[in-house]
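Participant: Supplied in C-alpha cells, the structure appears directly below.
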Amino acid sequence: MAEFDLSANFIPSLHKPSSLLPIARHRQNLLYLIETYPVTIVVGQTGSGKTTQIPQYLEQAGWCSDGKVIAVTQPRRVAATTVAIRVAEEVGCKVGEEVGYSIRFEDVTSAATRIKFLTDGLLLREALVDPLLSRYSVIMVDEAHERSLSTDVLLGVLKKILKKRPNDLRIIISSATLQAEDFLRFFTGDTDLKSKPTDSDAMTLDDLITQASTGAGKSAVSGTIINLEGRMYPVDVLYSESSVEDYIEKAVQTVFDIHTKEPDGDILVFLTGREEIDTAVQAISERAANLHPRAQGLMALPLCAGLSTEQQMYVFEEAPENTRKVIFSTNIAEASVTIDGIVYVVDSGFVKLRAFNPLTGIETLTATPVSKASATQRAGRAGRTKPGKCYRLYTEASFQSLEETTVPEIQRSNLAPVILQLKALGIDNIVRFDFLTSPPAELIIRALELLYSLGALDDYAKLTKPLGTRMAELAVEPMMAKTLLSAPSFNCLSEILTIAAMTSLGGNIWVQPDGEKKSMESPRRKFAVEEGDQLTLLNVYQAFITKGKKEGRFCHDNYINFKAMTRAVSIRAQLKRYLERFGMKVEETLSSNANKQPLAVGGPDKAEQIRRCLTAGFFAHAAKMQPDGTFRNVAGGTILHAHPSSLMFNRKADWVIFHEVMETGNKTFIRDVTKIEKGWLVEYAAGYYKIQ
DNA sequence: GAGCACTGC
C-alpha cells in the first residue's frame, strides 16, 4: 500500500542548490507582482523550485512581520512533509522552527513557525476555527491543476475570504499552463480576459504591470499570471498507426521494441490496475528469457498503491549491470510518485476513475480514456533527466478526440461531506457558492437529501445544532459521523469508535504476502464474528491492542498490516478527543472483554446494540439477501454482491447494512457488511423509508 | 466463489 510515510526517499534527487534554480532570476518580478496583486498564478514545472523558493523569498521580503505566517498547501501528505524538510534544510533550521509542516496526526510547527506546509484539507479545517484564516499573510495553493476535491473547495473559500481581506491577504496559485487562465478568471471574475501566460524573461516590468491590470476594471480583485519555466527536456511523441485492440499485449510488444532498438534508458508503462500490471509483468518475465543470453537484460517491476511500501521501493533501485528496467504502473506515477532515469514512456491511454452516480447513490470505478492534459503529463515523465520518447498506444486522431482536462473530482463525487463542511463554514447557499466549476445539480440534491435524512440539516437546509455542527467537525463521512453521535444512546460508544477508525482505513487491514492467496482466509476467519464485518473489525482491533502491539509476530502471523493498525489507533484517539470535546463520556470497555471466548463483543446484547447503532447511521445502505446469495437494495432495482473480502460473501443473511458500495467491471460490490433486523430500519429511519 | 486508480480531515 502507498502509505503516508513513503518518506523522503522519493524526492532528494531533485535537490539542486537554490541559486542555480531557474526561478532565482524571477525573484524581483515575483515579489513585485505578489506585492501588487491580490492573486498571482504561478506557472512552472515540477523542479522549477516554485514550491521551495517562493515562500523563502516572501519571508525574506517581510511578509511574516507582525507574527504572520505563510501557508503553502499540498494535495498530499508526503509532499507537505518532504518539502518542509527540504526548505528547513535550506533555511538552516530544524523542521518545526521557522519552517514547519502540519498534516493530520502530525503538527510539526511552533510559535516560531513562519513558513508552514500543510495539506489543503487541513487548511480547510483550520477555517472552521478561524474563518478568515487571519494568521496567514500569504496562502499558496500548490498543484492546483490537479483539482482535488479539497483544493477546489479551498479555492472557493479563499475567494470569499479575499473579499473580506482585500488588502492584507495574498493568494498564489501554482498551476500547469493549461489551466492558468481559468484560475485567474475565477478570482478576477473577468470572463473576457484575453491575457496569455507571461514569459517574464521576454517582458519588462512595465509590460508585466500592464498585462496584470487587464481585467481589473470589472471586479474588485486583480491578478496576474507569471510563467517561470518551459519544459525541461523535449519528448518525442509517437502514435500508434492503427487502433489498438489489446493494449496490454501492445504495451508488452512496444517494450520489447524499445528494448531491442533504442538506446539505454528505463521504461515507464501506464496501465489502469493491478491485474493488468501483473499480467504485463509476467509476460515480460516469460519472454525476456528468450532474449539472446548475451543481450542486455530486461527487468519488469510493478508499481501501484496496493503494494506494500517495501514492494514499491524496488522501482527506485538501480537496475543490475547490463539490465534495463521497465516499470508497469497505475496513475500513481503520473503525479504522486516520481522515478528518475525514465527515458521512455508507454501510455495505454486509459485510467481508472471514480465517479458517483447521483441517481443510484453508487460509486463506480471504471477504466476511462485519459484527458489530453493527463496524456501530456504522462509524456513529460520521459523528459525529466534527458530528451525522451513517449509511445501512445492510440492513434493521433484518438488523441485529438480526448477531453482537454480530466473532469474535476467535485463534478463526480459524493458531495455530502463537502456540503456539510461548507455549511459548517457558514456557507448556506450551496447552489450559489462560487465553485471553480460547479458540480451538477443532481449531485448537490442527492447530498442534501442524505444530510437531511441523517438529521444534519433541517427543513430549511440549515445545519442542525448540535447534531449537524458536530457531524461536520468529525473527520469521518456523514453516515459514520451520525453513527458515532448516536452511539451513547445505544451504550456502545467505545466499540463504535473502534469500528469508525477501522472502516476509515478502507480495506488496508490485511496484507497479502507475495504469491500466497489461499492462506489468507483461515487467519482471517480466526477473527470472524457471525454478525458481520464491522464486528469482526472490532475483534481484530481488540486483539491488536491486547496482543499485537507488544508481540512483534502477532501481525505477521495473522496477516495484519501493522502500519494500518497503528493508524487506526491514531484515528480512534482523534475521534475520541472530538467526542469528549462535545461532552460525551467514552467508557472504554475493551479490558473487560479482552479475555472472553468467543473473542469480541461482550455478549449478545452488546453486539445487538452495536448493530442497531450502525443501522441508525447506515440505514440508507440497507439491502436484503436473495435466495441466490446476492443482495437487492431497498428500492429493489440493483443487484449487489458481497465483496469477496466480506464474511457475507459465503454466509446466509436476511437484511444487512453496508459501509461502502462500488461498481467495478460489471458487478456492484458491497463491503463491510453487517446483519440487521428489517424492523430496525423503520425504527431508526421511518421518514427515509416512507419517502421511498 | 473471486478482487480497488489515487488522495485527504
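The values are calculated or read from the model by the stated rules, or taken from the named source; none is laboratory data. Everything numeric here is computed off the predicted structure, so don't read it as measured data. Note that each Cβ is placed from the backbone with ideal geometry, even for glycine, and that neighbours are counted across all protein chains shown.
Participant: For segment A:380-392, does any single residue satisfy the condition of being more than 20 Å from A:Ala176 (Cα to Cα), touching a residue at least 60 places away in the same chain (Cβ under 8 Å), surrounded by fewer than 23 Cβ atoms within 10 Å (Cβ to Cβ) and within 15 Å of DNA strand B (Cβ to nearest atom)?
Facilitator: Scanning segment A:380-392, I find no residue that is more than 20 Å from A:Ala176 (Cα to Cα), touching a residue at least 60 places away in the same chain (Cβ under 8 Å), surrounded by fewer than 23 Cβ atoms within 10 Å (Cβ to Cβ) and within 15 Å of DNA strand B (Cβ to nearest atom), so the answer is no.
Participant: Something else now. Out of A:Leu133, A:Leu124, A:Leu155, A:Leu128, report the one residue that is within 16 Å of DNA strand B (Cβ to nearest atom) and part of a loop (DSSP other than H, G, I, E, B).
Facilitator: A:Leu133
Participant: Out of curiosity, is A:Val255 of a type in the set (A, V, I, L, M, F, W, C) and either loosely packed, with under 12 Cβ neighbours inside 10 Å or not in a helix (DSSP H, G or I) (or both)?
Facilitator: No, not satisfied.
Participant: What's the number of the only condition in (1) in a strand (DSSP E or B); (2) within 16 Å of DNA strand B (Cβ to nearest atom) that A:Lys675 fails to meet?
Facilitator: If we test A:Lys675 against (1) in a strand (DSSP E or B); (2) within 16 Å of DNA strand B (Cβ to nearest atom), just (2) comes out false.
Participant: Continuing with this model, one more query. Output yes when any residue across segment A:345-363 is over 18 Å from A:Met299 (Cβ atoms), part of a helix (DSSP H, G or I) and touching an Asp or Glu at 6+ places or on another chain (Cβ under 6 Å), and no when none is.
Facilitator: Checked segment A:345-363: no residue is over 18 Å from A:Met299 (Cβ atoms), part of a helix (DSSP H, G or I) and touching an Asp or Glu at 6+ places or on another chain (Cβ under 6 Å).
Participant: Please enumerate the residues belonging to segment A:365-397 that are closer than 19 Å to A:Leu353 by Cα, in a helix (DSSP H, G or I) and of a type in the set (Gly, Ala, Ser).
Facilitator: A:Ala373, A:Ser374, A:Ala375
Participant: Cβ-Cβ below 6 Å, separation at least six or inter-chain, first residue in segment A:466-481 and more than 15 Å from A:Ala616 (Cα to Cα), second part of a helix (DSSP H, G or I) and away from DNA strand B (no atom under 13 Å from the Cβ): which pairs?
Facilitator: Partner pairs satisfying both residue conditions: A:Arg470/A:Leu485.
Participant: Go through segment A:61-94 and count every residue that is more than 18 Å from A:Ser110 (Cα to Cα) and touching a Gly at 6+ places or on another chain (Cβ under 8 Å).
Facilitator: 0
Participant: Also: Going by the structure shown, is A:Thr405 β-branched (Val, Ile, Thr), more than 13 Å from DNA strand B (Cβ to nearest atom) and either in the same structural domain as A:Asp182 (by TED's automatic domain parsing) or touching a helix residue (DSSP H, G or I) at 6+ places or on another chain (Cβ under 9 Å) (or both)? Spell out the reasoning first.
Facilitator: On the way: β-branched (Val, Ile, Thr): yes; more than 13 Å from DNA strand B (Cβ to nearest atom): yes; either in the same structural domain as A:Asp182 (by TED's automatic domain parsing) or touching a helix residue (DSSP H, G or I) at 6+ places or on another chain (Cβ under 9 Å) (or both): yes.
When the stated conditions are applied, A:Thr405 passes them.
Participant: All but one of (1) within 16 Å of DNA strand B (Cβ to nearest atom); (2) modelled with pLDDT of 95 or more hold for A:Ile267, so report the exception by its number.
Facilitator: Answer for A:Ile267: the failing condition is (1).
Participant: So in segment A:298-324, with the set limited to residues that are more than 16 Å from DNA strand B (Cβ to nearest atom) and crowded, with 16+ Cβ neighbours inside 10 Å, which one is modelled with the lowest pLDDT?
Facilitator: If we take residues in segment A:298-324 being more than 16 Å from DNA strand B (Cβ to nearest atom) and crowded, with 16+ Cβ neighbours inside 10 Å, then A:Ala319 is modelled with the lowest pLDDT.
Participant: Also, I was wondering about something else. Search segment A:635-658 for residues being within 20 Å of A:Glu531 (Cβ to Cβ) and among the aliphatic types (A, V, I, L, M), and hand back the single one that is surrounded by the fewest Cβ atoms within 10 Å (Cβ to Cβ).
Facilitator: A:Ala653
Participant: Of all residues in segment A:542-568 being in contact (Cβ under 8 Å) with a residue 24 or more places away in the chain and touching a Lys or Arg at 6+ places or on another chain (Cβ under 8 Å), which is nearest to A:Thr309 (Cα to Cα)?
Facilitator: Filtering segment A:542-568 for residues that are in contact (Cβ under 8 Å) with a residue 24 or more places away in the chain and touching a Lys or Arg at 6+ places or on another chain (Cβ under 8 Å), the one nearest to A:Thr309 (Cα to Cα) comes out as A:Tyr559.
Participant: Further question on the same structure: Of everything in segment A:447-505 that's assigned to a loop (DSSP other than H, G, I, E, B) and of a type in the set (Ser, Thr, Tyr), which residue is nearest to DNA strand B (Cβ to nearest atom)?
Facilitator: So, considering only residues that are assigned to a loop (DSSP other than H, G, I, E, B) and of a type in the set (Ser, Thr, Tyr), the one nearest to DNA strand B (Cβ to nearest atom) is A:Thr464.
Participant: Can you tell me how many residues within segment A:482-521 are more than 20 Å from the chain's Cα centre (by Cα) and either at pLDDT 90 or above or among the polar types (S, T, N, Q) (or both)?
Facilitator: Here the count works out to 20.
Participant: Please state which one of A:Ala295, A:Ala333, A:Ala319, A:Ala305 is in contact with a strand residue (DSSP E or B) (Cβ under 7 Å, 6 or more places away or on another chain) and part of a loop (DSSP other than H, G, I, E, B).
Facilitator: It is A:Ala319.
Participant: Another question about this same structure. Within segment A:409-424, can you find the residues that are out of contact with any strand residue (DSSP E or B) (no Cβ under 7 Å at 6 or more places or on another chain) and crowded, with 20+ Cβ neighbours inside 10 Å?
Facilitator: A:Glu409, A:Ile410, A:Leu415, A:Ala416, A:Pro417, A:Val418, A:Ile419, A:Leu420, A:Gln421, A:Leu422
Participant: Right, here's the next one. Among the strands (runs of 3 or more DSSP E) lying completely within segment A:582-668, list those that include at least 3 residues that are modelled with pLDDT of 90 or more and either among the basic types (Lys, Arg) or within 13 Å of DNA strand B (Cβ to nearest atom) (or both). So that I can check it myself, show each step before the final result.
Facilitator: Working: elements: A:622-625, A:631-633, A:639-642, A:655-664.
Qualifying strands (runs of 3 or more DSSP E): A:639-642, A:655-664.
Participant: Pull up segment A:258-280, narrow it to residues that are of a type in the set (Val, Ile, Thr) and more than 15 Å from A:Thr323 (Cβ to Cβ), then point me to the one that is surrounded by the fewest Cβ atoms within 10 Å (Cβ to Cβ).
Facilitator: Here the residue is A:Thr279.
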